[in-house]
Amino acid sequence: MQITGYKSHGVAASVALVNAATSADGDDSEEALRDLLREHGFFWHQFEPRHAESFREWGRTLRRFFEATELTTAVDLLNRLLLQIPMHPHLADHDDPVGLHMHYAPPSADLPHRFRATTLMNLSELVCKHGLSRTGVCAAEGCDRVYADTSRAGRRRFCSESCANRTNVAAFRARQRET
Ligand SMILES: [Zn+2]
Ligand SMILES: [Zn+2]
């Protein structure tokens, strides 16, 4: 997946968490959650086992966003969550080479709270820019994983190359059978 830079790392992290916590082949063990945080540039070393359930619950909550087919449904959900998650934007500079960037949760917030704030803000920004055209549930048969497309073209409909290929091969065979 192409990510449009650090500012939207919360979008990719949302996808990873939703898939870990809610998809049939997802792994939301403490180990997997810690890896996920590390891969997406969060303070993974602050992860504690007692945080695991709040991450899983957040994954289940965000799945409803990816499943939304109407913009109003997604906007209502995001707005409700934006009111629920206390925000306190401030500038942070802790991490070369990223440099100065925004944090959304209060500085005193714990890791799950900061993760919720960042993912929520980044998904909201994505929706303001692209509506629901960049997010969804994988179009491959039998796959329940979600995706977000932050590439320039924005034509993705699958969670992965393998799902895209599998679907294309199936469609090709179906056409062959018809002729
Ligand atoms: Zn930061
Ligand atoms: Zn898929």
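Here Asn165 clears all of (1) within 19 Å of the chain's Cα centre (by Cα); (2) surrounded by 12 or more Cβ atoms within 10 Å (Cβ to Cβ); (3) within 16 Å of ligand 2 (Cβ to nearest atom) except the condition numbered (1). So, in segment 139-163, exactly how many residues are under 22 Å from Gly41 (Cβ atoms) and not in a loop (DSSP other than H, G, I, E, B)? Residues that pass the stated criteria total 3. Between Ser108, Ser124, Ser160, Ser151, which is hydroxyl-bearing (Ser, Thr, Tyr), more than 16 Å from ligand 2 (Cβ to nearest atom) and within 21 Å of Arg60 (Cα to Cα)? After applying the criteria, what remains is Ser124. When the helices (runs of 4 or more DSSP H) confined to segment 25-133 are screened for residues that are basic (Lys, Arg) and surrounded by fewer than 14 Cβ atoms within 10 Å (Cβ to Cβ), none reaches at least 3 such residues.
A single member of Phe47, Phe65 is farther than 17 Å from Ser124 by Cβ, of a type in the set (Phe, Trp, Tyr) and touching a helix residue (DSSP H, G or I) at 6+ places or on another chain (Cβ under 7 Å), and it is Phe47. Filtering segment 127-145 to residues that are hydrophobic (A, V, I, L, M, F, W, C) and within 9 Å of ligand 2 (Cβ to nearest atom) leaves Val137, Cys138, Ala139, Ala140, Cys143. When the criteria are applied in full, Trp58 fails the requirement of being within 16 Å of ligand 1 (Cβ to nearest atom), within 22 Å of Ala20 (Cα to Cα) and in contact with a Leu (Cβ under 9 Å, 6 or more places away or on another chain). In segment 39-51, the residues that are among the small types (Gly, Ala, Ser) reach residues that are assigned to a helix (DSSP H, G or I) with C-beta atoms within less than 9 angstrom, at least six apart or across chains, in these pairs: Gly41/Tyr6; Gly41/His9; Gly41/Ala13.
Of all residues in segment 142-162, those satisfying the criterion of being loosely packed, with under 14 Cβ neighbours inside 10 Å and either among the hydrophobic types (A, V, I, L, M, F, W, C) or more than 17 Å from Glu67 (Cβ to Cβ) (or both) are Ser151, Arg152, Ala153, Gly154, Arg155, Glu161, Ser162. A Cβ distance below 9 Å, combined with a sequence gap of six or more or placement on separate chains, defines the contacts here; from segment 126-152, residues that are more than 17 Å from Ala164 (Cα to Cα) reach residues that are within 16 Å of ligand 2 (Cβ to nearest atom) and hydroxyl-bearing (Ser, Thr, Tyr) in the pairs Leu126/Thr135; Val127/Thr135. In the set (1) at pLDDT 95 or above; (2) assigned to a helix (DSSP H, G or I), the condition left unmet by Gly136 is number (2).
The values are calculated or read from the model by the stated rules, or taken from the named source; none is laboratory data. Remember, it's a predicted structure, so these values are computed and weren't measured experimentally. We place every Cβ from the backbone using ideal geometry, glycine too, and count neighbours over all the protein chains shown.
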